[in-house]
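Undergrad: Sharing a structure below in structure tokens format, with a few things to ask.
The values are calculated or read from the model by the stated rules, or taken from the named source; none is laboratory data. Model, not experiment: these values are computed from the prediction. Here the Cβ positions follow ideal geometry from the backbone for every residue, glycine too, while neighbour counts run over all protein chains shown. Heads up: the accessible areas ignore ligands, DNA and RNA and are worked out on the full protein's heavy atoms, side chains in. Shrake-Rupley method; radii C 1.70, N 1.55, O 1.52, S 1.80 Å.
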Amino acid sequence: MTDIITEQATAAASGAAATEQFRTRQREGAADADTQRVDTLATDLITAVHDVVRRHKVTYAEYDALKAWLIHVGQDGEWPLFLDVWIEHVVEEVTSESREGSKGTIEGPYYVPDAPRLPAEATLPMREGEEGTPLLFQGQVTSVDGTPLSGATVEIWHADNDGYYSQFAPGLPEWNLRGHVVADDQGDFKIHTIHPAPYQIPTDGSCGRLIAAAGWHAWRPAHLHLKVSAPGHQLITTQLYFQGGSHVGDDIAQAVKPELVLAPTPVVDGDANGIGNGNGNEVTYDFVLDKA
Ligand code: MBD
Ligand code: FE
């Protein structure tokens, strides 16, 4: 008999992994802001905090609670989680204002580059007997002018049936439910996977403590993460949600847009993921990319 050691998922471990991942792949230009811009942004940010202190007559007890909490966020490695949950959606909003093609939304803290390359029709890497309702996610990548984009790639990553992401929770194969799909010469792709579960912000870390202290809920709706790109076109980072799923209407990260909600239908013929654990659902979603 083999001993099965089940390591518990902890906020500190997933936070440390997210922090490390961010350090290795910070977007280009992050360190290049000029003095004028730093002055403007830092001054406005600090002034906004002063306004909150004055408006609510913040006490020394509250000031110390804030200081202690901020120290903890760093110790737990939860800055990526905190920022992506509560701030990133507005950065995405102002960045994509003039986009004509498909809507994007936030990336979140759990993207990992260089996932296994897969052909235009593929099953995502998954465990034998992976739990969850099979899902066939298919579509086409085109340009804003309607041209099918040969050579398009669809990077996809999502949580498993327990809401955990590989490389950010213990016990999962490295590339579980992560893939880099190369579309065919018509920009078509067919991805066999399973439905992800809703994601709960870890309750045992600083973000969880804030959520509990404020009486908020800790949930994101079930979602697929995607990065879609093609030569000569702008990469789009997005997420897709499931109609009727819990928290589609009250995502803690405020990243849901109506255009991003899928309505899968039961597969009529065959298995959605070809691994034989039920027929499952299928859905078609096409990506339209802006020219670079
Ligand atoms: C997630 O899975 C996620 O997508 C975001 C934005 C924040 C926390 C967890
Ligand atoms: Fe996510």
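Undergrad: Rounded to the nearest 20 debye, what is the charge dipole size of the chain about its Cα centre when +1 sits on each Lys and Arg Cβ and -1 on each Asp and Glu Cβ? Walk me through the numbers on the way to the answer.
TA: On the way: 19 positive and 42 negative charges, 134 e Å.
Roughly 640 debye, rounded to the nearest 20.
Undergrad: Quick check: convex hull over the Cα atoms of the range 98-216, volume per residue in Å³, rounded to an integer? Intermediate values should be presented prior to the final figure.
TA: Working: hull volume 16.5 nm³, N = 119.
Measuring per residue, one finds 138 Å³ for the Cα hull of the range 98-216.
Undergrad: For helix 60-75, report the angle its Cα long axis makes with the longest principal axis of the Cα atoms of the chain; keep it between 0 and 90° and round to the nearest 10°.
TA: The angle comes out at about 40 degrees.
Undergrad: Compute the distribution of all C-alpha to C-alpha distances in the range 7-292, in bins of 10 Å from 0, and list the percent of pairs in each, rounded to whole numbers.
TA: Pair shares across the bins are 6, 25, 34, 23, 9, 3, 0.
Undergrad: Let me ask something else. In deg cm²/dmol, rounded to 500, what helix-only [θ] at 222 nm does the chain give when every DSSP H run of at least 4 residues adds -39500 (n - 2.57) and the total is split over its residues? Walk me through the intermediate numbers first.
TA: Values: 6 runs with 77 residues, N = 292.
Helix contribution divided over all residues of the chain: -8500 deg cm²/dmol.
Undergrad: Rounded, prolate or oblate: which fits the range 1-101, taking a ≥ b ≥ c as square roots of the Cα gyration tensor eigenvalues, rounded meaning a/c under 1.5, else prolate when a/b beats b/c? The partial results should precede the final answer.
TA: Details: a/c = 2.30, a/b = 1.30, b/c = 1.77.
Oblate, since a/c reaches 1.5 and b/c is not below a/b.
Undergrad: Would you pull out the residues with amide H under 5 Å of Leu262's amide H, same chain only if 5 or more places away, H placed 1.01 Å from N?
TA: Tyr241, Phe242, Gln243
Undergrad: To the nearest 10 degrees, how steep is helix 35-56 against the longest Cα principal axis of the chain, on a 0 to 90 scale?
TA: The helix 35-56 is inclined about 70 degrees to the chain.
Undergrad: Next question, about the same structure. Which lysines, on any chain, are close to Lys103 with Cα under 21 Å apart, when same-chain ones fewer than 8 places away are left out?
TA: Candidates past the 8-residue exclusion: Lys190, Lys227, Lys257, Lys291.
Undergrad: Continuing with the same structure: Share of the range 7-292's accessible area from carbon and sulfur, percent, 1.4 Å?
TA: Carbon and sulfur: 53 percent of the exposed surface of the range 7-292.
Undergrad: Rounded to the nearest 5, what is the percent of antiparallel bridges among the DSSP beta bridges in the chain?
TA: On the way: 30 of 44 bridges.
The antiparallel fraction comes to roughly 70 percent.
Undergrad: Might you tell me the accessible area per residue for the range 48-130, computed with a 1.4 Å probe and given in Å²? Don't jump to the answer; show the numbers that get you there.
TA: Values: 5210 Å² over 83 residues.
On a per-residue basis, the range 48-130 sits at 63 Å².
Undergrad: While we're on this one: If packing is taken as the average count of other Cβ atoms within 10 Å, what order do 32-43, 221-232, 165-176 fall into, highest mean first? If you can, show how the numbers build up before the last one.
TA: Working: 32-43: 9.8, 221-232: 21.2, 165-176: 18.2.
Taking the mean over residues of other Cβ atoms within 10 Å, the ranking is 221-232, 165-176, 32-43.
Undergrad: Against the longest alpha carbon principal axis of the chain, how many degrees, from 0 to 90 and to the nearest 10, is the axis of helix 11-24 turned?
TA: Helix 11-24 and the main axis of the chain meet at about 80 degrees.
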